[in-house]
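Q: Below is a structure I'd like to ask you about.
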Amino acid sequence: MTAALYARAERAVQVLTVDGRRLEAGRAALFVLEQIGWHPRFVRLAQRRPFVWLAELGYRLVARNRGFFARFLFRHDVPDDG
């Protein structure tokens, strides 16, 4: 991994495709969702303008506020033993 790619990866997820494309942030997330088969029609639509801009905006918003979103999205509720 080059130093420049490492620096970019600290800010956003990076995907290097087989055909040599480098995708980052929202576009990379959409590519991964497409590869795993998550709602194919939705992903194909989200990869088109202007929807891809919304995916990028959403990615940046969540990435810049990870701590805030982690409190609500990734809570581990401990069951009561009593």
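Q: Quick one: Asp81 ticks every box in (1) out of contact with any strand residue (DSSP E or B) (no Cβ under 9 Å at 6 or more places or on another chain); (2) at pLDDT 95 or above bar one, so which box is it?
A: (2)
Q: I'd like the full set of residues that are over 14 Å from the mean Cα position of the chain (by Cα) and modelled with pLDDT under 95, limited to the stretch 51-69. It would help to see each step written out before you state the result.
A: Initial filter on the stretch 51-69 (over 14 Å from the mean Cα position of the chain (by Cα)): 51, 67-68.
Passing the criteria: Gly67, Phe68.
Q: I'm told Val13 meets every condition in (1) surrounded by fewer than 17 Cβ atoms within 10 Å (Cβ to Cβ); (2) at pLDDT below 95 except one. Can you identify the failing condition by its number?
A: Here Val13 clears every test but (1).
The values are calculated or read from the model by the stated rules, or taken from the named source; none is laboratory data. None of these values were measured; they are calculated from a predicted model. All Cβ positions, even for glycine, are placed from backbone atoms using ideal geometry, and neighbour counts span all protein chains on display.
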